[in-house]
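J.: One structure coming up, written as structure tokens, with questions to follow.
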Amino acid sequence: TMGLFTKDIKTMNDLFVHQLQDIYYAEQQLTKALPKMADKATDPQLKQGFLTHLEETKQHVKRLEEVFKMHGAQVKAVDCPAIDGIIAEADETAGEVADKAVLDAALINAAQAAEHYEIVRYGSLIAWAKQLGRNDCATVLAKTLEEEKATDRKLTTLAESKVNLRAAS
């Protein structure tokens, strides 16, 4: 596949649509990855956190479809090597860890890497939507950004409260 700056991206609108397609793919991959992460997690709060975020992620996919339609763009996904890498790394790390507390810490780290990727992407999409005069699209995307940030905060709290402490002992 071509990289981000393919010859097809000439305008801010092209960039906006391409990035929508990229994050659409990322959200779809996360709907497949989160149940597996929940299965592997041993801490009950972490397990529940992954399942709660799975439901949110399904909503994020629907919101993106709404934004494509609002913007008059084709609803389609383009490969996002960044999210594929984050998910592959999570699988690989989880496969190598026997200690449950260490496993949970690794899963939290992988989930936060995904969240941070999404936070950056949604932040840019919102800015570009506004530049394109699409405050309607920006508003829908902002709801998702807030949920991603909230999930990131919950993961940080969980990591700091017990999982990392257990892993260190």
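J.: Applying the selection to segment 86-106, what residues are part of a helix (DSSP H, G or I), without any contact (Cβ under 8 Å) to a residue 60 or more places away in the chain and open to solvent by less than 40 Å² (accessible area, probe 1.4 Å)?
T.: Matches in segment 86-106: I86, I87, A90, A94, A106.
J.: As an exercise: evaluate I83 against (1) under 21 Å from K32 (Cβ atoms); (2) open to solvent by 40 Å² or more (accessible area, probe 1.4 Å) and give the number of the one condition it does not meet.
T.: (2)
J.: Follow-up. I'd like to check something: does segment 131-147 contain any residue that is β-branched (V, I, T) and under 24 Å from D39 (Cα atoms)?
T.: Checking segment 131-147: not a single residue is β-branched (V, I, T) and under 24 Å from D39 (Cα atoms).
J.: Could you say whether any residue in segment 131-141 is open to solvent by 50 Å² or more (accessible area, probe 1.4 Å) and hydroxyl-bearing (S, T, Y)?
T.: Scanning segment 131-141 turns up at least one residue that is open to solvent by 50 Å² or more (accessible area, probe 1.4 Å) and hydroxyl-bearing (S, T, Y).
J.: Does V78 fit the bill of being part of a loop (DSSP other than H, G, I, E, B) and surrounded by 14 or more Cβ atoms within 10 Å (Cβ to Cβ)?
T.: yes
J.: Six or more apart or on different chains, Cβ under 7 Å: which pairs go from a residue in segment 52-72 that's touching a residue at least 60 places away in the same chain (Cβ under 8 Å) and in a helix (DSSP H, G or I) to one that's open to solvent by 20 Å² or more (accessible area, probe 1.4 Å) and basic (K, R)? Could you list them?
T.: Short answer, once both residue conditions are applied: R63/K143; H71/R134.
J.: Quick one: which of Q19, Q45 is surrounded by fewer than 18 Cβ atoms within 10 Å (Cβ to Cβ) and part of a helix (DSSP H, G or I)?
T.: After applying the criteria, what remains is Q45.
The values are calculated or read from the model by the stated rules, or taken from the named source; none is laboratory data. Worth saying up front: this structure is predicted, and the values here are computed from it rather than measured. Methodologically, a virtual Cβ is constructed for each residue, glycine included, from the backbone with ideal geometry; neighbour enumeration extends over all protein chains shown. To get the accessible areas, we keep the full protein, side chains included, count just its heavy atoms, and leave off ligands, DNA and RNA. Shrake-Rupley method; radii C 1.70, N 1.55, O 1.52, S 1.80 Å.
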